[in-house]
Structures are given as C-alpha cells and as structure tokens.
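Structure, as structure tokens:
The values are calculated or read from the model by the stated rules, or taken from the named source; none is laboratory data. These numbers were taken from a predicted model, which means no experiment stands behind them. As a convention, Cβ positions derive from the backbone with ideal geometry for all residues, glycine included, and neighbour counts pool all protein chains shown. Side chains are part of the model used for accessible areas, which takes the heavy atoms of the whole protein and leaves out ligands, DNA and RNA. Shrake-Rupley method; radii C 1.70, N 1.55, O 1.52, S 1.80 Å.
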Amino acid sequence: QVQVVESGGGLVQPGGSLRLSCSASGIIFSYYSMGWYRQAPGKQRELVASVSSGGITNYSDSVKGRFTISRNNAKIDLQMNSLKPEDTAVYYCNRSPVVLAWSSWGQGTQVTVSS
C-alpha cells in the first residue's frame, strides 16, 4: 500500500508564498502522472495541478499563473505564489486523474491564507 506524505503547509498572508512537497517510500514519481488536489471545508476535493509521466503540466483556472508543479523521481512539489484566501484548503498529492488515484490518501497538509 502506497503511503504518501505531504508537507510544507502553514498560515500565510494573502499575497504570500508556500512550497508544498510530497513523497512516498518506494515510489518513483516520474513513472506516473501525478497531481496536487485540495479540499476546502464543505467542498469536494479538486485537482489543481498535474504533471504527466512525460512532464506535461496542467493547472486549474483558479491557480493558473500562480502555482507551479514540479517533480523528480523522489518527490512532487507545488510552488504556490500570490496566495489568496480562497486557496485555503487541505492539499493532497496522488496519481492523476483521480480515477487512477491510489486508494490510500495521505493526511494532507493544511494551507491557510489569512491576514
């Protein structure tokens, strides 16, 4: 069973930046299409950024131009700039698209954007 660990969240003011990181023991991430998802209170989990096994990246309209996903064999990062209060959510990484996601999700990392 894959055990994913997300880290790097925290409390940041609007306009600030955070860098999230995702790792999983024994997983070579470059073999998979991977994504960063987020779930805000009372909302469904949504895919915000993905990177294919070939290195092609995609972003949701809500984060395009502000977030950057990157990957090496050992980890998946999400650089988040110009953060907004609506970016507040728990962030998770997993395979992309969600229909291919590993059944075991990590605990996620909380991002809170507030003044």
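Yes/no matrix, rows are residues, columns are (1) within 19 Å of residue 113 (Cβ to Cβ); (2) among the hydroxyl-bearing types (Ser, Thr, Tyr); (3) modelled with pLDDT under 95:
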position	(1), (2), (3)
43	yes, no, no
76	no, no, no
82	yes, yes, no
86	yes, no, no
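Yes or no: the range 57-64 includes at least one residue that is buried (at least 17 other Cβ atoms within 10 Å of the Cβ) and more than 10 Å from the chain's Cα centre (by Cα). Among the residues of the range 57-64, at least one is buried (at least 17 other Cβ atoms within 10 Å of the Cβ) and more than 10 Å from the chain's Cα centre (by Cα), which makes the answer yes.
Against the definition (open to solvent by 30 Å² or more (accessible area, probe 1.4 Å), under 15 Å from residue 112 (Cα atoms) and hydrophobic (A, V, I, L, M, F, W, C)), how does residue 90 come out, yes or no? Here the answer is yes, as residue 90 does meet what is asked.
The residues listed here are 95, 45; of these, the one that is in contact with a Ser or Thr (Cβ under 7 Å, 6 or more places away or on another chain), surrounded by fewer than 20 Cβ atoms within 10 Å (Cβ to Cβ) and either more than 16 Å from residue 7 (Cα to Cα) or of a type in the set (Gly, Ala, Ser) (or both) is 95.
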